[in-house]
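Quick notes on the structure that follows.
The values are calculated or read from the model by the stated rules, or taken from the named source; none is laboratory data. Worth saying up front: this structure is predicted, and the values here are computed from it rather than measured. Cβ placement follows ideal geometry from the backbone for every residue including glycine, while neighbour counts extend to all protein chains displayed.
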Amino acid sequence: MKIFVSGSLAYDRIMDFPGKFSDYILPEKIHVLNVCFAVNGVIERFGGTAGNIAYGLVQLGEKPMIVAAAGRDFDIYRSHLKKQGLSDEGIRQVSEELTAGAYITTDQLNNQITGFNMGAMKYSTAYDFSREDAKKSICIIAPGNLDDMKNYAQACRSNGIPYIFDPGQSLTAWSGPALVEALTGAAIFISNDYELEMTMKITELTQNDIIDRTGTVIVTMGENGSQVFNVKDRVAVCPVPPDRVVDPTGAGDTYRAGLIKGLKDGMDTVDAARLGAVLASFAVEVQGTQEYQVTRDTIGYRYEAAFGRPLNW
C-alpha cells in the first residue's frame with residue numbers, strides 16, 4: 001500500500017534564553033513592546049507535519065511519499081530525507097522562497113515566543129491523485145498549504161482514496177463551510193481535544209455530527225491518552241509512559257505515524273491508535289521531532305507492557 005503524507009516541511013530553529021521573559025516584558029508598556037533577548041545559541045532541527053509523520057513511518061519500516069513544498073534552502077533537508085530512504089518526488093521546491101521555518105525562543109520557565117515563516121508553504125504542490133490506485137493507497141492530510149488541504153480532500157473523495165483529515169494548527173485559517181466540506185468523507189478525523197472544540201465552533205457541528213460525516217473521530221489528550229469514537233463505540237486508549245519526558249513537541253505527529261502504520265497493516269482503528277500511542281512515547285524522550293529511533297523489539301516490548309498483550313504486526 002502506498003502512503004501519502006500531505007502537510008508541511010519546516011526547519012525548527014530553537015533558541016534558549018537564559019532568563020525569564022517576564023523580567024523584561026513590562027505590562028504597563030505592552031502597547032509599545034520593544035525588547036531584545038540575547039540567546040545562548042541556535043539549534044536547527046528538521047520539522048513540519050509531513051516530515052515528522054514520514055519520519056515516524058520510516059521508523060516502522062515504511063517509505064511514505066511526502067507531498068509538500070520546500071524552498072531554496074531545502075538541500076540539507078533533502079539529504080536528511082534521502083538518508084531515511086525517502087523520495088522527494090512529491091515535494092515541490094520553490095526557488096524564490098525559503099523553506100517554512102519556526103523560530104522558537106524558550107526561557108528558563110519553559111515559556112515560549114515563536115515566530116513562523118510560511119515561506120514555500122504558501123505555494124500549492126498540486127499533486128495529481130487521479131493516477132493513484134485507490135485500493136492500494138492511504139493519505140493523511142495534515143496542516144500545510146490550505147489550498148492543498150482542501151483540494152486533496154476533494155481529490156481523495158473523488159478517487160476513492162481513504163484519507164485521514166487532521167486540520168490541527170491550520171484551523172484558524174478555515175471558514176466553516178470549507179472545513180465541513182474537507183472533513184466530510186474522511187475515513188478518520190483526528191485532532192487534540194482543544195482542536196476538536198475549535199472545529200465544532202467553526203463548523204457549528206456537534207461531535208456526533210462529525211462522526212456521522214467521517215465514521216471515526218480520534219481525540220488525543222497528551223499525557224491523558226486518546227479516545228476513539230465511532231457511531232457505536234467510545235474507546236479510551238491509555239497513555240503509554242515514556243522512560244523520561246524531554247521534549248513533547250511533535251508527539252502528535254508521531255502518534256499519527258503509528259496510527260497509519262497500524263491501519264496499513266490491517267489493524268482495527270483502536271489497535272492502530274495504541275500503536276500510535278506507543279510510538280509517541282519514544283518521541284518525547286529526546287530533543288527534536290525527528291531524533292528518536294526504535295526497533296520492532298522495542299516497540300513490541302513497550303506495547304505489551306502498556307496493553308498486556310503482544311503486538312501482532
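What residue, among those in segment 1-21 that are of a type in the set (D, E, K, R) and more than 15 Å from the chain's Cα centre (by Cα), is farthest from residue 114 (Cα to Cα)? Give the derivation first.
Filtering segment 1-21 down to residues of a type in the set (D, E, K, R) leaves 2, 12-13, 16, 20.
Okay, now just the ones that are also more than 15 Å from the chain's Cα centre (by Cα), so 2, 13, 16, 20.
Working: 2: 35, 13: 10, 16: 12, 20: 15 Å.
Residue satisfying both the conditions and the ranking: 2.
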* Asked: If you go through segment 31-52 one residue at a time, do you hit one that is closer than 26 Å to residue 265 by Cα and aliphatic (A, V, I, L, M)?
  -> yes
* Residue check, residue 41 of a type outside the set (D, E, K, R) and over 20 Å from the mean Cα position of the chain (by Cα) -> yes
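So that you can scan it fast, the table gives a plain yes or no per residue for (1) in contact with a Ser or Thr (Cβ under 8 Å, 6 or more places away or on another chain); (2) of a type in the set (A, V, I, L, M, F, W, C); (3) under 22 Å from residue 289 (Cβ atoms):
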residue: 226; (1), (2), (3): yes, no, yes
residue: 231; (1), (2), (3): no, yes, no
residue: 234; (1), (2), (3): no, no, no
residue: 240; (1), (2), (3): yes, yes, yes
residue: 260; (1), (2), (3): no, yes, yes
residue: 266; (1), (2), (3): no, no, no
* Asked: Among the residues of segment 135-155, is there at least one that is among the small types (Gly, Ala, Ser), in contact (Cβ under 8 Å) with a residue 12 or more places away in the chain and farther than 17 Å from residue 65 by Cα?
  -> no
* Only residues that are touching a Ser or Thr at 6+ places or on another chain (Cβ under 6 Å) and either over 13 Å from residue 260 (Cα atoms) or modelled with pLDDT under 90 (or both): list them for segment 53-67, please. => 67
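Has segment 42-61 got at least one residue that is crowded, with 16+ Cβ neighbours inside 10 Å, more than 30 Å from residue 132 (Cβ to Cβ) and touching a Gly at 6+ places or on another chain (Cβ under 9 Å)? Before you say what the answer is, go through the steps one by one.
Of segment 42-61, the ones crowded, with 16+ Cβ neighbours inside 10 Å are 45-60.
Adding the requirement that they be more than 30 Å from residue 132 (Cβ to Cβ) leaves 45.
Imposing the further condition that a residue be touching a Gly at 6+ places or on another chain (Cβ under 9 Å) reduces the set to 45.
Within segment 42-61 (the criterion being crowded, with 16+ Cβ neighbours inside 10 Å, more than 30 Å from residue 132 (Cβ to Cβ) and touching a Gly at 6+ places or on another chain (Cβ under 9 Å)), the answer is yes, since at least one residue qualifies.
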* Asked: What are the residues in segment 112-135 that are touching a strand residue (DSSP E or B) at 6+ places or on another chain (Cβ under 6 Å) and either charged (D, E, K, R) or buried (at least 19 other Cβ atoms within 10 Å of the Cβ) (or both), if any?
  -> 119, 120, 121, 123, 125, 127
